[in-house]
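The values are calculated or read from the model by the stated rules, or taken from the named source; none is laboratory data. This one's a predicted model, so the numbers in the text were calculated from it and none came from an experiment. Don't worry about glycine lacking a Cβ; one is built from the backbone with ideal geometry, like all the others, and counts go over all protein chains shown.
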């Protein structure tokens, strides 16, 4: 009886250890899957986590292409995520849930995390583009025009003013802007467009 | 009695784990579909309401193209457009049109967020034409701007183009044209970055890179030609109208501005450009008629908007 109990205890111990090990492996697998599912990769060159669900909302922190964010919550359009210890909202199409997402040549050259796919970027990358445009003087000239277009940058502040002036966007922003109304001025009206005043 | 209990517990934990993993994968898919469902609900009852449910499936199928890839493809298509049209030398108008476009793009978080943001550019030319390339590049002729009577109508044209890019209509054309050949090249290892090309397989890689470039060169020229002469399918245009109208409403512009612009172009008549690349005005108006009426407040600010539009256009 004593011997039987000893074997029983030993078997019980082994079974317990086996079950514990299986449980541990499972827990680790689940934890890894959960961590992978909670990582978002930024796919815009430069953008921001915002305090509110608005592309023009107050900025919390800047994030760049290739940065990893931790997902906190989500809805149909937005993710709430954490980066560098700050939490804010980012639109779904600014990030990828695929850790192997192809990044731009600029990002890879800049030393951001190189994904598995970014080592063999398909389709048009800077290398292919260089070859492509070198084949035609007219095309190369068109690319130069495009490069100039890309240097144009309209600031968020200008867009916000433009929206407010035209009674567009969030009506709450109109009221905020109107609160500190300046006293009537006798100065001549400048010839600048109304949204730039 | 405790041994079966331990085994049962271990099995329960395993089963629960597997169920959790399955549930997680389903949740991931559902998150993408639910956004599209919201758009579908907005247009429920219209002839194109299924469009936005289709967007979820399309998004799934478009995972091979990251914003970075779309950007380089878009640059190639844009360069083709710019080799045929001159950019209008009018910084004030360029700035104004860009502000209208950015206003629409940044007021709608459902719109695509391209790698380097949106670019709206006016091209010289009296004909009516507006085209967009993947990666957020939108081009419209001076004639297109001049046909608009108000800023709201100009915004309607830009919202329609933003919708095309968001729905990845250009990418769809490019994929169908090049996928087969380029995929074969990619499987051989073409298109690697410079570091890889400089390796021991340098010559072979360079030859493959050249072949890949040649494949895309032909395809992009065809696609740019299609954009400017043939246009997207009738179905894609109606999809872009519906989503564009949603973007207009999301910015605070009246959706009716899209209807009034299409009506005017339809009544004026013409050939080539916009007339050759878009469905008949009656078809588009019938499709848009299913959209809900504009709320009253959209007319607030109409005078200011029309005034600044006329100042820039010199009217």
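In segment A:49-56, the condition of being more than 10 Å from every other protein chain (Cβ to nearest Cβ), in contact with a strand residue (DSSP E or B) (Cβ under 6 Å, 6 or more places away or on another chain), at pLDDT below 95 and under 30 Å from residue B:163 (Cα atoms) is met by no residue. Just one of the numbered conditions (1) under 19 Å from residue B:151 (Cβ atoms); (2) at pLDDT 85 or above is not true of residue B:300: (2). In segment B:78-109, the residue that is surrounded by the most Cβ atoms within 10 Å (Cβ to Cβ) out of those that are part of a loop (DSSP other than H, G, I, E, B) and in contact with a strand residue (DSSP E or B) (Cβ under 8 Å, 6 or more places away or on another chain) is B:109.
When the test is whether a residue is assigned to a loop (DSSP other than H, G, I, E, B) and at pLDDT 90 or above, residue A:111 does not pass it.
From A:69, A:21, grab the single residue that is out of contact with any helix residue (DSSP H, G or I) (no Cβ under 6 Å at 6 or more places or on another chain) and either modelled with pLDDT of 95 or more or buried (at least 17 other Cβ atoms within 10 Å of the Cβ) (or both). Working first, answer last.
Numbers: A:21 fails: either modelled with pLDDT of 95 or more or buried (at least 17 other Cβ atoms within 10 Å of the Cβ) (or both).
That would be A:69, the only listed residue that is out of contact with any helix residue (DSSP H, G or I) (no Cβ under 6 Å at 6 or more places or on another chain) and either modelled with pLDDT of 95 or more or buried (at least 17 other Cβ atoms within 10 Å of the Cβ) (or both).
Taking residues in segment A:72-85 that are facing chain B (nearest Cβ under 8 Å), and partners anywhere that are surrounded by fewer than 16 Cβ atoms within 10 Å (Cβ to Cβ), the pairs with Cβ atoms closer than 6 Å and at least 6 places apart or on different chains are A:76/B:34; A:76/B:38; A:78/A:53.
Quick check on residue A:133: is it at pLDDT 80 or above, surrounded by 17 or more Cβ atoms within 10 Å (Cβ to Cβ), in a helix (DSSP H, G or I) and more than 9 Å from chain B (Cβ to nearest Cβ)?
Numbers: at pLDDT 80 or above: yes; surrounded by 17 or more Cβ atoms within 10 Å (Cβ to Cβ): yes; in a helix (DSSP H, G or I): yes; more than 9 Å from chain B (Cβ to nearest Cβ): no.
No: the conditions fail for residue A:133.
Just one of the numbered conditions (1) surrounded by fewer than 14 Cβ atoms within 10 Å (Cβ to Cβ); (2) modelled with pLDDT of 80 or more is not true of residue B:272; which one? Condition (2) is where residue B:272 drops out. Applying the condition of being more than 7 Å from every other protein chain (Cβ to nearest Cβ), at pLDDT below 95 and part of a helix (DSSP H, G or I) to segment A:136-150 and asking which residue is surrounded by the fewest Cβ atoms within 10 Å (Cβ to Cβ) yields A:137.
Residues in segment A:151-171 that are in contact (Cβ under 8 Å) with a residue 40 or more places away in the chain and either within 29 Å of residue B:84 (Cα to Cα) or part of a loop (DSSP other than H, G, I, E, B) (or both): 2 in all. The set of residues in segment A:75-108 being buried (at least 19 other Cβ atoms within 10 Å of the Cβ) and modelled with pLDDT under 70 consists of A:105, A:107, A:108.
Apart from one condition, residue A:35 fits all of (1) within 22 Å of residue A:86 (Cβ to Cβ); (2) at pLDDT 60 or above; the exception is (2).
Segment B:124-208 holds helices (runs of 4 or more DSSP H) entirely within its bounds, and those carrying 3 or more residues that are at pLDDT below 65 map to B:169-187, B:194-197.
Among the residues of segment B:106-121, the ones that are at the interface with another protein chain (Cβ under 8 Å from one of its Cβ atoms) and closer than 13 Å to residue A:154 by Cα come to 5 in all.
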